[in-house]
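Worksheet: one structure, shown below.
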Amino acid sequence: MTDIVQTPTPGGVSAAPGATTVAGAPLAGAPLAGAPLAEGGEITSSASLLRLFVSVFAENRLAIVGLVTIVLMVLFCYLGPVIYHTTQVHTALLTANLPPSNAHPLGTTSVGYDVLGRLMVGGQVSLEVGLGAALLSSLFGAAWGAVSGFFGRWTDSLMMRIVDSIYAIPPLLLMLLMVTIFSPTTFMFIVVVAIVSWLPTARLVRGESLSVRTREYVEAARGAGVTRGKIIVRHIIPNVMGTIVVQTTLQVANAILLLAALSYLGLGPPPPATSWGAMLNNGLNFIYDGYWWLIYPAGFAIVVVVLAFNFVGDALRDALDVRLQRH
Amino acid sequence: MLAYIVRRLIQALIVVIGVTLVVFLLIHLLPGGPARAALGARATKAEIHNFNVANGYNRAIPVQYGLYIWRLLHGNLGYSYKYNQTVLSLLETNLPKTAVLVGLAYALSLVVGVPLGLYQAVRRNKFGDHAVTAFAFAGYAMPNFWAGMLLILAFAVGLHLLPAEAPQGATVGAIFTDPRALVLPVVTLALVNFAQFSRFMRSSAIENLVQDYMRTARAKGISTGRVIFRHLLPNSVTPIITLIGLTLPIVLSGAIVIEAVFNYPGMGLLFWNAALKQDYPLMMGVTVVVGVATVVGSLLADLLYAAIDPRVRYD
């Protein structure tokens, strides 16, 4: 029996190329874009982070497709209504349930709303809640995780058991409960989605901050008498920024799906506002009538946006080679 | 091993207490508190006061929490005034049916996801691998209710092969009277996990493929099929047990939506109707039970994994 003694390679924590984590596999087996990271994927300045992201997008075709899709979708939802005028508040029962035609390229709904115009308006809500919830959950989750990991010991245990407790309740259950308790405004939906979305970010950031806090420069800062709050803001957070950015991108997709489910169940933004999920709810009522234009467009819109944010997020993650778990 | 079990049990107990605290907090976030939850929006101040005194909601918050736990421990999950039944009796009829749906969906996603992931690992970076990956990604990006609608369009409306509505009935036995009607709800719910399982299996198998024992097995001249099924499969499939525990909250979330799509008479449909009717006692009761169930589920998964796989480190 010959034992091969493995010597630690420089920058050794990263796995062998091709070996991947649970959900961390690149879609097209794309190689880890370059590997300009020293010391196990550590990034010290925001300039190098930016440079890294630029190089990712230059090399990863799916990431470019994702980014372009997101830009086009934003233009469609916000610039679209400026060019393509429709009424999405007043009903028009005389022109209800029309199949696609020149006047209505994607047909009309059961109360006469133009489906193409409704996609734009519904998309605004979906994108706003998606982005808002992703940012809010990342902000809160990162702060929670950084504090938990940095302080360690029983503070860490307590904070992580709180995360576990909220995590044990299925997100949709918690969301439905909160939606029935609070008044349904866009901001409230952002908060409700964020409340069920910050947990994975907190866990990931906590894990990384546990390892960052043992680094020499943190020890040095501590020895120099820098306050703990300042160490977290100046040393811990910048070092886990990559994880936070990746997680935010993936959370946008997740938030859009969560809002879609909520809206589908009839507890999303109330009329006259609409979202893609609410449009699909309407479509199910007419599924036997063959009104496919109530079912395909809104569903495709969700899938396209969710895929786009995932492509971008995965590309960023491959670049950073951080071990994330998607939910 | 014993120390690990004890530590894991204590941890689970703390999380269970955390779940009850979250729900307790939500009950008190209601404008008007638990009284409003039980009596509805039109209750008068006097009625609310009387309810609070009668149920101890005028006492100090820690005492109230103690009373809440005491009631839970006695199986008193609250009373649904909308159904005029106890939450416990409603759950007794509905929860088993959801358990059937979730169990079948897990079984299906494992039976399909594990072999596909294995296939992907063996044929990695070839066409088949990419095709399955693309399919898994599409499954992940698709809202599950939309997937359900597309399946209804194809198999119920288009081909007239399967019913669009889930089997109806009060008991678990009634669910099985029309197995064809179970197909679409189970398949749709299985899609939620299919991507997770196949991705996990793929990366787990790839990690095992580079291990020494794989090379040894091949060097001994064992046939490829035997290497894959006797060596690669058992070694890479066990960690999936923990993934089953971890994905429980997500799958139960999916069950709510899918029961709504197919009118499946389970816990999800019950909860959804409760949300539409603002039946707070029912919602709070279901949330506590489901929350505790997921904690117990992941605890069992972890213990089972530790029992099966001796490589698990107990730290």
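The values are calculated or read from the model by the stated rules, or taken from the named source; none is laboratory data. Worth saying up front: this structure is predicted, and the values here are computed from it rather than measured. No Cβ is skipped: glycine too gets one built from the backbone with ideal geometry, and neighbour counts run over all protein chains shown. All accessible areas refer to the heavy atoms of the entire protein, side chains included, with ligands and DNA or RNA removed. Shrake-Rupley method; radii C 1.70, N 1.55, O 1.52, S 1.80 Å.
Residue A:68 passes every criterion in (1) over 19 Å from residue A:298 (Cα atoms); (2) crowded, with 16+ Cβ neighbours inside 10 Å apart from (2). Determine whether residue B:199 is assigned to a helix (DSSP H, G or I), open to solvent by 20 Å² or more (accessible area, probe 1.4 Å) and within 16 Å of residue B:114 (Cβ to Cβ). Here the answer is yes, as residue B:199 does meet what is asked.
Each residue in the stretch A:243-262 was checked for being small (Gly, Ala, Ser) and modelled with pLDDT under 90, and 0 pass. Candidates in the stretch B:214-273 are the residues that are polar (S, T, N, Q) and outside any helix (DSSP H, G or I); of these, the one that is farthest from the other protein chains (Cβ to nearest Cβ) is B:223.
All of (1) at pLDDT 90 or above; (2) open to solvent by 20 Å² or more (accessible area, probe 1.4 Å); (3) more than 13 Å from residue A:169 (Cβ to Cβ) hold for residue B:313 with one exception: (1). Restricting attention to the stretch A:294-304, does a residue exist that is outside any helix (DSSP H, G or I) and without any contact (Cβ under 8 Å) to a residue 40 or more places away in the chain? Yes, there is a match, as at least one residue in the stretch A:294-304 is outside any helix (DSSP H, G or I) and without any contact (Cβ under 8 Å) to a residue 40 or more places away in the chain.
Out of B:205, B:219, one residue alone is closer than 27 Å to residue B:122 by Cα, modelled with pLDDT under 90 and open to solvent by less than 50 Å² (accessible area, probe 1.4 Å). It is B:205.
Only one of the listed residues (A:307, A:316) is under 15 Å from the mean Cα position of the chain (by Cα), buried (at least 20 other Cβ atoms within 10 Å of the Cβ) and more than 13 Å from chain B (Cβ to nearest Cβ). That residue is A:316. Checked against the criterion of being within 7 Å of chain A (Cβ to nearest Cβ) and open to solvent by 40 Å² or more (accessible area, probe 1.4 Å), the stretch B:112-124 has no qualifying residue.
Scanning the stretch B:136-155 for residues that are more than 8 Å from chain A (Cβ to nearest Cβ) and either touching a helix residue (DSSP H, G or I) at 6+ places or on another chain (Cβ under 8 Å) or open to solvent by less than 30 Å² (accessible area, probe 1.4 Å) (or both) yields B:136, B:139, B:147, B:148, B:151, B:155. Of all residues in the stretch B:238-273, those being open to solvent by less than 40 Å² (accessible area, probe 1.4 Å) and either of a type in the set (D, E, K, R) or over 22 Å from residue A:176 (Cβ atoms) (or both) number 8. When residues in the stretch B:274-283 are screened for being open to solvent by 10 Å² or more (accessible area, probe 1.4 Å) and either among the aliphatic types (A, V, I, L, M) or facing another protein chain (nearest Cβ under 10 Å) (or both), 4 of them pass. What about residue B:72, is it at pLDDT below 85, closer than 30 Å to residue B:174 by Cβ, crowded, with 16+ Cβ neighbours inside 10 Å and more than 14 Å from every other protein chain (Cβ to nearest Cβ)? For residue B:72, the condition - at pLDDT below 85, closer than 30 Å to residue B:174 by Cβ, crowded, with 16+ Cβ neighbours inside 10 Å and more than 14 Å from every other protein chain (Cβ to nearest Cβ) - is not met. Across the stretch B:223-237, a minimum of one residue is classified as under 30 Å from residue A:172 (Cβ atoms), buried (at least 17 other Cβ atoms within 10 Å of the Cβ) and not polar (S, T, N, Q).
Being closer than 19 Å to residue A:127 by Cα and either within 15 Å of the chain's Cα centre (by Cα) or in contact (Cβ under 8 Å) with a residue 12 or more places away in the chain (or both) is not true of residue A:180.
If the condition is being at pLDDT 75 or above, open to solvent by less than 40 Å² (accessible area, probe 1.4 Å) and in contact with a Gly (Cβ under 6 Å, 6 or more places away or on another chain), then the stretch A:88-125 contributes A:115, A:120. Could you please let me know if residue A:231 is farther than 30 Å from residue B:8 by Cα, within 13 Å of chain B (Cβ to nearest Cβ), out of contact with any Gly (no Cβ under 8 Å at 6 or more places or on another chain) and open to solvent by less than 30 Å² (accessible area, probe 1.4 Å)? Judged against the criteria, residue A:231 is not a match. Exactly one residue out of A:153, A:161 is over 22 Å from the mean Cα position of the chain (by Cα) and on the phi > 0 side of the Ramachandran plot: that is A:153. Output the helices (runs of 4 or more DSSP H) that fall wholly within the stretch A:98-214 and possess 2 or more residues being within 28 Å of residue B:281 (Cα to Cα) and away from chain B (no Cβ under 11 Å), or say none. Where helices (runs of 4 or more DSSP H) fall fully within the stretch A:98-214 and carry at least 2 residues being within 28 Å of residue B:281 (Cα to Cα) and away from chain B (no Cβ under 11 Å), they are A:186-212. The listed residues are B:167, B:179, and the only one of them that is away from chain A (no Cβ under 14 Å) and surrounded by fewer than 17 Cβ atoms within 10 Å (Cβ to Cβ) turns out to be B:179. Taking each residue of the stretch A:105-121 that is farther than 22 Å from residue A:79 by Cβ and looking for partners that are small (Gly, Ala, Ser) and open to solvent by 30 Å² or more (accessible area, probe 1.4 Å) with beta-carbon atoms closer than 7 Å, six or more apart or interchain, yields A:112/A:92. Could you check the stretch B:259-294 and list, in sequence order, the residues that are farther than 30 Å from residue B:32 by Cβ and of a type in the set (A, V, I, L, M, F, W, C)? If the condition is that a residue be farther than 30 Å from residue B:32 by Cβ and of a type in the set (A, V, I, L, M, F, W, C), then B:261, B:262 are the ones that fit. The number of residues in the stretch B:220-258 being of a type in the set (Gly, Ala, Ser) and closer than 20 Å to residue B:189 by Cβ comes to 4.
Give the residue that is nearest to the chain's Cα centre (by Cα), with candidates limited to residues of the stretch A:275-297 that are of a type in the set (Ser, Thr, Tyr) and within 11 Å of chain B (Cβ to nearest Cβ). Among them, the one singled out is A:296.
The set of residues in the stretch B:1-49 being open to solvent by less than 60 Å² (accessible area, probe 1.4 Å), within 14 Å of chain A (Cβ to nearest Cβ), outside any helix (DSSP H, G or I) and among the small types (Gly, Ala, Ser) consists of B:32, B:40.
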